[in-house]
Amino acid sequence: MTPSLPVVRLRPKAEARAIRHGFPWVYADELVTDRRTQALAPGAFAVLEDAERRPLGLVTVNPASKIIARVLDRNPEAVIDRGWIAARLARALALRERLYAAPFYRLVHAEADGLPGVVIDRFGEAAVIQPNAAWAEAMIGDLAAALAEVTGVTTIVKNGTGRARGLEGLAEETVLLAGALDGPVPVPMNGAIYMADLLGGQKTGLFFDQRPNHAFAARLANGARVLDVFSHVGGFALAALAGGAESALAVDASAAALELAGQGAGATGVADRFASRRGDAFAAMEALQAEGARFDLVVCDPPAFAPAKPALEAGLRAYERVARLAAALVAPGGNLCLCSCSHAADLAQFRNASARGIGRAGRRAQLLHTGFAGPDHPQLPQLAESGYLKALFFRLDG
């Protein structure tokens, strides 16, 4: 055992077996939090033991977080340095290079890729790191250097924004760590070109997780009138147009996102069939219904209405309302796609809320397909939170 590392210990009633079988987190009420443990700096490394003092692995500790410890390595003698990070990155890269011909993907999906709290999205020669855990924030220099070494990227952005960092007690900041950026980065995906703002955009600038769901929507879109609500930079709209849609209307509250969607439509060569409307999604759907608008494919991909359990009931009501408003805009025999990226709402809860909303709109539906995040967002089987994205495709009556 590494003598220089402190030791933290599970309480007797904590479930050590789950950690032995791969669960990566220790919650604050499962750990003996004596004065020494409380004094550890956020992001410090320690050896985790069970109540009988048997080592379980090497963890990173953050006394300020509800997730007080995250398992980094099952080997309690592991050395967490740039070389260790590079080995994890190389393993993650090998999977993506097998899956994708072009270097545009999520390279690291946190715990599922063995780098707890770390998200890295790759955009060709550029990459964005989200260090959402204290240890990753402390080692951002080593993370960036290992990333450049393993992948050869020349531009690296640290995106230090989002709810997860707040839960870890980390400040928000976005900085360019290496290289240079001259405007948005064009990203080829599903036959379309998306424009990703890596410094000022939402999250890392683009949502790679929806790639397979964009592709399925495109199969339904040939010759169709498409409405893409909560469109961001044109996710479903541009894929649908690349798939032969007659027209696509993108709705979003962000003027900057819609500007990027328009640039993407131009780069894809479909600007003549693309339109956008800025505004609140709920108000926009109500206005479209009042105008008598109908679409052959309606897609709603909202932000997480239920990011955590306290928000679950309100979130499910919001998903039901989205489904009701969207279903009313679907032409007879048309298709409806409803998405959720909420951790707290599981598939059954989301599906039931969606079905209630469709029913309240007076429509009957067939569930055609259930989609999830792409394989560049692998799931850790022991951690339900790593499988957050759900996409339901319905065909409505008519």
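The numbers here are math on the coordinates, done by the rules we state, and not lab data. Bear in mind that the values here come from a model prediction, so they are computed numbers and not experimental data. So basically every Cβ, Gly included, is an ideal-geometry build from the backbone, and we count neighbours across all protein chains shown.
The HN-Hα couplings worked out from phi for segment 184-198 by the Karplus form 6.51 cos²θ - 1.76 cosθ + 1.60 (θ = phi - 60°) are x, 9, x, 10, x, 7, 6, x, 10, 10, 9, 10, 10, 8, 6 Hz, whole numbers, x standing for Gly and Pro. Amide H contacts of GLY334: LEU396, each under 5 Å away and 5 or more positions distant or on a separate chain (H built 1.01 Å from N in the peptide plane; Pro and chain starts excluded). Each residue, GLU149 and ARG91, gets one label point 7 Å from its Cα in the Cβ direction; the gap between the two is 1.7 nm. For the chain, calculate the relative contact order in percent as a whole number, restricting contacts to Cα pairs under 8 Å that are 6 or more residues apart. Once divided by the residue count of the chain, the mean separation gives 11 percent. Note on GLU15/ASN222: beta-carbon distance plugged into 1/(1 + (r/R0)^6) with R0 of 56 Å gives a FRET efficiency of 0.65. A straight chain from LYS66 to ALA311 at 0.36 nm per residue would run longer than the Cα-Cα distance by 86.5 nm. Please report how far the C-alpha centroid of segment 151-218 lies from that of segment 332-352, rounded to the nearest whole angstrom. Each part reduced to its Cα centre gives a spacing of 24 Å.
So if we plug the beta-carbon distance of ILE80 and LEU347 into 1/(1 + (r/R0)^6) with R0 = 35 Å, what FRET efficiency do we get, rounded to 0.05?
Once the sixth-power term is evaluated, E becomes 0.50.
A helix-only calculation puts the chain at -9000 deg cm²/dmol for mean residue ellipticity at 222 nm, using -39500 (n - 2.57) for each DSSP H run of at least four residues, averaged over all residues. Computing FRET efficiency as 1/(1 + (r/R0)^6) for ALA290 and LEU383, where r is the C-beta to C-beta distance and R0 is 51 Å, gives about 0.70. In this label model, ASP397 and ASP182 are separated by 5.8 nm, measuring between points 7 Å along each Cα→Cβ vector.
Taking 0.36 nm per residue of separation and subtracting the current Cα-Cα distance, fully stretching the chain between LEU368 and ALA171 would add 66.6 nm.
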